[in-house]
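Chemist: This structure is in structure tokens; I'll ask about it shortly.
None of the figures in this text is laboratory data; all of them are computed from the coordinates on show. All values derive from a computational prediction rather than experimental measurement. As a convention, Cβ positions derive from the backbone with ideal geometry for all residues, glycine included, and neighbour counts pool all protein chains shown.
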Amino acid sequence: MSLIAFFGALESGLIYGLVALGVLISFRTLDFPDLTADGSFPLGGAVAGISIIAGINPWLACAFGMLAGSVAGIVTAWLHVKLGILQLLASILVMVALYSVNLRIMGAPNLPLLGETTVFSTLVSDGNGYWMRCLIIGTVVLLAMLFLNWFYSTETGLSMRATGSNLRMAQAQGINTSWMTIIGMAISNGLIALAGALFVQTQGGADISIGIGTIVIGLAAVIIGETIIPAKRIWLITFAVVVGAVLYKLFIQVALSSQTLRSIGFGPQDLNLITALLVVLALVLPKAKTKFLSRKVRA
């Protein structure tokens, strides 16, 4: 794997680290199977892209994209807690609706940003482009991690964790579980939309299809991170899922550049197949690890 490919995978992995943090909130903290991510990721990119074209500061455009994603998360949570729609179905409904919303925002299936000012324009040059983009994105991811570490230690964060762990017990303790679900889903999809806003600026444009498979990548990153770095402390859990996202993208890059796989017919067109295989492996590893440890203890 070349140095350019390595930094490309690292850059993509850090972006999807934000997605992994969002998935951590919905799937792990709230126990909410949320597929809205496949719609909120391109939503953040579409809003940020159209804002940048309108001449708005790119960092402010990212904030607008993040806000739009939060609104999408709020709608998903509202459909569940207020209208009684099943969690999975509510997220699917919002995801489907966001496809049309994203097309309305962009006005076309794709939105080029070539020549526009982005968050990387002032700091990235031809000589430092490989690592400077990774540094900028890594800083954003670090700030998101610090925010979550702080938030989970607050009363609201603890109430949210209690809501996901035991809903009835949380309600018995006087916690407004509906409000906790709405806040959690807003933060989750806001982070995912922020990832989309950064992604379109690295790719030079937004596309309606960039959200396909977002939730799969995020879930795989969480599982890989938890398997490699098992932890109970919040700061280590957030760090683990980001590491999982980076490793996931590095695995994909290694697989695509492997001469052995190429010799048996694998190529770039098999990206989704390789992705599916890696996700299956990530799902099987924790169970295999548990069985191995139990056998070792018996022995």
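Chemist: Estimate the FRET efficiency between Leu167 and Leu143 by the formula 1/(1 + (r/R0)^6), using the beta-carbon distance for r and 41 Å for R0, to the nearest 0.05.
Modeler: Taking R0 as 41 Å, the efficiency between Leu167 and Leu143 is 0.85.
Chemist: Which value, to two decimals, describes the C-alpha radius of gyration of the chain once divided by 2.2 N^0.38 Å? Don't skip to the answer; put the middle values down first.
Modeler: On the way: Rg = 19.4 Å, N = 299, 2.2 N^0.38 = 19.2 Å.
Computed over Cα atoms of the chain, the ratio equals 1.01.
Chemist: To the nearest 500 deg cm²/dmol, what mean residue ellipticity at 222 nm is calculated for the chain from DSSP H runs of n ≥ 4 alone, each contributing -39,500 (n - 2.57), summed and divided by the residues?
Modeler: About -25000 deg cm²/dmol.
Chemist: Please work out how much length the chain gains when fully extended from Met132 to Leu158, using 0.36 nm per residue of separation minus the C-alpha to C-alpha distance, in nm with one decimal. Don't jump to the answer; show the numbers that get you there.
Modeler: Values: separation 26, 0.36 × 26 = 9.36 nm, distance 3.60 nm.
Value of the extension gain: 5.8 nm.
Chemist: According to the Cα gyration tensor, what semi-axes, each the square root of 5 times an eigenvalue, does the equivalent ellipsoid of the range 103-157 have, listed from largest to smallest in whole Å?
Modeler: Equivalent-ellipsoid dimensions as semi-axes: 30, 22, 7 Å.
Chemist: Which FRET efficiency value, to the nearest 0.05, is calculated for Ser257 and Val280 with the Förster distance at 22 angstrom and r the Cβ-Cβ distance?
Modeler: Efficiency, from the Cβ-Cβ distance: 0.55.
Chemist: For the range 26-94, rounded, prolate or oblate, judged on the Cα gyration tensor with a ≥ b ≥ c (square roots of eigenvalues), a/c < 1.5 rounded, else prolate if a/b > b/c?
Modeler: Note, shape of the range 26-94 comes out prolate.
Chemist: Say each of Ile56 and Arg104 gets a label point 7 Å from the Cα, pointing the same way as Cα to Cβ; how far apart are those two points in nm?
Modeler: Between Ile56 and Arg104, the simple spin-label model gives 1.6 nm.
Chemist: Ok, one more. Which entries in the list Lys232/Lys291; Lys82/Lys289; Lys249/Lys289; Lys249/Lys287; Lys249/Lys291; Lys82/Lys232 go over 30 Å, if you measure between the two C-alpha atoms of each?
Modeler: Values: Lys232/Lys291 21 Å; Lys82/Lys289 40 Å; Lys249/Lys289 22 Å; Lys249/Lys287 22 Å; Lys249/Lys291 27 Å; Lys82/Lys232 32 Å.
Check vs 30 Å cut-off fails for Lys82/Lys289; Lys82/Lys232.
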